[in-house]
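Some notes on the structure that comes next.
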Amino acid sequence: MDTQLKLEAPWEEVKEKLKEVHADLTDEDLEYAPGQEQQLLERVSKIIGKDIAATKGWIESVSFNKNIAS
């Protein structure tokens, strides 16, 4: 599975939107550096209770929508 994230918005913006939806996500949970997508997706998927593919889709949709995530 391709775990490379395709983001439209800067990660800092995406991270804040993700935290608005899932208040249990912390900055530490959302720590991300290019090339470390797999680790990020594994951490976030455990917290939000979705598989890695669904988590990746959710993060990318937040990035593309540039508004409150659903």
### Query
If you add up the charges near Asp2, with Lys and Arg at +1 and Asp and Glu at -1, over every other residue whose beta carbon is less than 11 angstrom from its beta carbon, what do you get?
+1
#### Entry: Global geometry of the range 7-51, whether rounded, prolate or oblate, following the gyration tensor of its Cα atoms and the 1.5 cut on a/c
oblate
### Query
Under a Cβ-Cβ cut-off of 13 Å, what is the net charge of the residues other than Glu31 that fall near it, where Lys and Arg count +1 and Asp and Glu count -1?
-3
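Read the figures in this text as sums done on the coordinates, not as results from a lab. Just so it is clear, the structure is predicted and the values come from calculations on it, not from any experiment. All Cβ positions, glycine included, derive from the backbone under ideal geometry; neighbour counts span all protein chains shown.
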